[in-house]
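Chemist: One structure follows; several queries about it will come next.
The values are calculated or read from the model by the stated rules, or taken from the named source; none is laboratory data. Being a predicted model, the structure only gives us computed values, none of them experimental. Quick reminder, even Gly has a Cβ in these numbers, built from the backbone with ideal geometry, and neighbours come from all protein chains shown. Areas reflect the complete protein model, heavy atoms only, side chains present, ligands, DNA and RNA absent. Shrake-Rupley method; radii C 1.70, N 1.55, O 1.52, S 1.80 Å.
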Amino acid sequence: MKAEIVQGLFRPLLLVFGTLFTFTISSFAGAADLIPIEAFARLPQISQPALSPDGTHIAYLAPIGGQRNLVIMPLNQPEKAQAIPPVEETDIIRFTWINSQRIVLSYRYTNDIGAAYARTALFSVHVSKPGYVDMAREPKAHDANPYARQRPQIRDRIIDTLPDDPEHFLLAIDSDFDHRAEIRKVNVETGHYVNITEGYEWINSWVTDQNHKYRLGWGKSHKGTRLLYIDPNSGDAIDLDNTDWFENRSIVPLSFTADPTIAYALEPYLGDKKRLVTLDILSGEVKDVIFEHPEVEINRYFRDPVSGQMAGVTYTQDLTHAVYFDPDLTALKTQLDGWLPGGSNRIISWNKEKGLYAVNHVTDREDSFYLLNTLTGGAKLISHAIPVPADLLATTSRHTIEMRDGLPIAAYLTLPNDKAPERLPMVVLPHGGPHARDTMHYDFLSQFLANRGYAVLRPNFRGSTGYGERFRRLGRGQWGGAMQDDVTDATLWAIEQGIADPDRICIAGGSYGGYAALMGAIKEPSLYRCTVSINGATDLIHLTRRLKDNFLLKKYANTVGLKGEGAKLVSPYHRVKGINIPVLIIHAKDDPVVPFEHGEKMYKALKKLKKKVSFKVLENADHYFATEQSRIEVLAALEGFLATHLK
């Protein structure tokens, strides 16, 4: 981001419900026809829809010109919708209604000074007036700290929208780099602010109570995670870092009940799957169990937009599902399941007074958003998020596979249409993270590959999230070890089932998945015919050094690599001689997570040894492929490489 832009123009849009986007898939003779790369490269056609507090507008993110824009649509005049583009050289990542006329937008960009890393910014926009207003302004006077001349890295930590004070919101920001985020009360119209507190040492984010008072602070210091509680009676700051419930039981407070001493919290029950409980902050006593799932853990929680009270939680079991604590929402959810059977239905935004509810219906091939009016009984399609018609997409199924040590893991298999699942060319696609997970939701890369005739296998190897603490911890210190063996065992399963042709299997992935793709070529030289690393970590010595240089990531650095072994043993760059199959390396110049040099030095090392290697440099992309152009370049490179080596 070269400059802080505070003026801008809206883009007028011509649209009615369900017809915003002009890009369509032209007629195909059948499901087996090749769909253009551009279709799969499209960003979600709609995401994060949210009603304004007064229920007169709906806002959502949508791709225009290859980047996410904020679309603001008057419900009574959808043809007057306006689009707000991202500020120069940034990506819009989320937005929040502060009042019915003002939205604050969070932007992400890669800094262009020194080492690449992600930064955020926060701007306010009006529903009908042009212009941006900076919500994270620099203090009028800095102290003597030389770093204070810089902008803070994270400038979008909104901790409370203050629904009873529509002109303001609370923002936590460490503007003077003293390791204590002040809490600002910010005017959403002007960006002017007053500091409610100058902050507490090593605390950078806060949870407020139902009276909108800052109550629980989080942060990290050189000594570890900090947790600070502000006593509602005395006002004293109480350190909770070393309490048994936090340090040993890994309970995570989320928000507060009406009693500011009782919090809603995620508790890893018996040290495993997280369940929602109420917790006495000072004693650590679990008061009640609000919700738990027998197989998976809770993802996140959400609040009622008016009362601020806990409204429900989500969990992912193949698809993401929601459970509502409000009886009205529960009843509506039951009706939705009858109206839109199969898959998952979620109510994601609502205005009870006007009877308006934005809902999301998903399957493995569908992701659609509707607006319901329970007062009139009406329902309108807002938009389909997936740019390809569902009947042209491939089906995805979950399979439970037993690993060599008896551990069961889940894997998602996407099969090409109109082809028998017998001896197909296959791409094994381990996910990034590694502490993340795959799901049955639409995945543009898997669907593209299936459309090109490949079976796609995505294993949730040990260390993946969502299955509980025990499963996740099994991946610690298992880079190139048990996590890699799980990917191998899943591949062998597909061969044993007769699904994959053993002579036509490629392993590919992004980020950690790119690392796993390269290590797969090293550890299993006869299993794969080619390998693709997309923004993959290749040099574990460099990676761990970089992580340890940041005290926030120092603890995580200890989980990278193979426990009991030196980093070189499981570092693709240092094991480059062991790669004897064709390699495609794709890396973004502006990657703030895995620096570009990882891809570049791996390519040079392979080239020097006269290995079969291709290198695709993405000039205007980051780690997240947030633009359609970067996706097009990745898919095109992948298509040509696989066509050469698997067919």
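Chemist: Among the residues that make up region 199-216, is at least one of them farther than 25 Å from residue 303 by Cβ, open to solvent by less than 50 Å² (accessible area, probe 1.4 Å) and in contact (Cβ under 8 Å) with a residue 40 or more places away in the chain?
Modeler: no
Residues checked against (1) outside any helix (DSSP H, G or I); (2) open to solvent by 20 Å² or more (accessible area, probe 1.4 Å):
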{"residue": "425", "(1), (2)": "yes, no"}
{"residue": "431", "(1), (2)": "yes, no"}
{"residue": "440", "(1), (2)": "yes, yes"}
{"residue": "447", "(1), (2)": "no, no"}
{"residue": "457", "(1), (2)": "yes, no"}
{"residue": "467", "(1), (2)": "yes, yes"}
{"residue": "476", "(1), (2)": "yes, yes"}
{"residue": "484", "(1), (2)": "no, no"}
{"residue": "487", "(1), (2)": "no, no"}
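Chemist: I'd like to know if region 219-231 contains one or more residues that are closer than 27 Å to residue 105 by Cβ, modelled with pLDDT of 90 or more and β-branched (Val, Ile, Thr).
Modeler: No, every residue in region 219-231 fails to be closer than 27 Å to residue 105 by Cβ, modelled with pLDDT of 90 or more and β-branched (Val, Ile, Thr).
Chemist: Which of the residues spanning region 272-303 are in contact (Cβ under 8 Å) with a residue 60 or more places away in the chain and open to solvent by less than 30 Å² (accessible area, probe 1.4 Å)?
Modeler: 272, 281, 296, 297
Chemist: Could you list all residues from region 390-406 that are closer than 23 Å to residue 339 by Cβ and either in a helix (DSSP H, G or I) or modelled with pLDDT under 95 (or both)?
Modeler: 390, 391
Chemist: To continue, here is another question. With respect to residue 226, determine if the residue is outside any strand (DSSP E or B) and either within 23 Å of residue 157 (Cα to Cα) or without any contact (Cβ under 8 Å) to a residue 60 or more places away in the chain (or both).
Modeler: no
Chemist: Now a separate question. Can you tell me which residue within region 156-173, out of those that are surrounded by fewer than 22 Cβ atoms within 10 Å (Cβ to Cβ) and among the charged types (D, E, K, R), is farthest from residue 101 (Cα to Cα)?
Modeler: 157
Chemist: Name every residue in region 623-647 that is at pLDDT below 95 and either among the polar types (S, T, N, Q) or open to solvent by less than 20 Å² (accessible area, probe 1.4 Å) (or both), in order of residue number.
Modeler: 626, 627, 629, 630, 646
Chemist: Does region 560-609 hold any residues that are among the β-branched types (Val, Ile, Thr) and not in a helix (DSSP H, G or I), and which are they?
Modeler: 560, 579, 581, 583, 585, 586, 593, 594, listed by residue number.
Chemist: Let me ask something else. Please go through region 506-553 and give me each residue that is surrounded by fewer than 19 Cβ atoms within 10 Å (Cβ to Cβ) and within 23 Å of residue 450 (Cβ to Cβ), ordered by number.
Modeler: 527, the sole residue that qualifies.
Chemist: Which of the residues belonging to region 560-591 are closer than 13 Å to residue 514 by Cα and among the acidic types (Asp, Glu)?
Modeler: Answer for region 560-591, where residues must be closer than 13 Å to residue 514 by Cα and among the acidic types (Asp, Glu): there is none.
Chemist: Look at region 561-572 and say how many of its residues are open to solvent by 70 Å² or more (accessible area, probe 1.4 Å) and either in contact with a helix residue (DSSP H, G or I) (Cβ under 8 Å, 6 or more places away or on another chain) or at negative phi (or both).
Modeler: Looking only at that region, the number is 4.
Chemist: Follow-up question, since we're still on this one. Of the residues 558, 580, which is open to solvent by 10 Å² or more (accessible area, probe 1.4 Å) and farther than 23 Å from residue 433 by Cβ?
Modeler: Just a single option satisfies the conditions, and that option is 580.
Chemist: Since residue 525 meets every condition but one in (1) assigned to a helix (DSSP H, G or I); (2) touching a residue at least 24 places away in the same chain (Cβ under 8 Å); (3) farther than 21 Å from residue 587 by Cβ, which condition does it not meet?
Modeler: (1)
Rundown of residues vs (1) assigned to a loop (DSSP other than H, G, I, E, B); (2) under 24 Å from residue 210 (Cα atoms); (3) touching a strand residue (DSSP E or B) at 6+ places or on another chain (Cβ under 6 Å), yes/no style:
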site: 241; (1), (2), (3): yes, yes, yes
site: 249; (1), (2), (3): yes, no, no
site: 264; (1), (2), (3): no, yes, yes
site: 278; (1), (2), (3): no, yes, yes
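Chemist: Could you tell me which of the residues 202, 218, 206 is under 25 Å from residue 169 (Cβ atoms), among the hydrophobic types (A, V, I, L, M, F, W, C) and part of a loop (DSSP other than H, G, I, E, B)?
Modeler: Selected residue: 202, the only one of 202, 218, 206 that is under 25 Å from residue 169 (Cβ atoms), among the hydrophobic types (A, V, I, L, M, F, W, C) and part of a loop (DSSP other than H, G, I, E, B).
Chemist: Considering only region 614-638, state which residues are in contact with a helix residue (DSSP H, G or I) (Cβ under 6 Å, 6 or more places away or on another chain) and assigned to a loop (DSSP other than H, G, I, E, B).
Modeler: Selection gives 621, 625.
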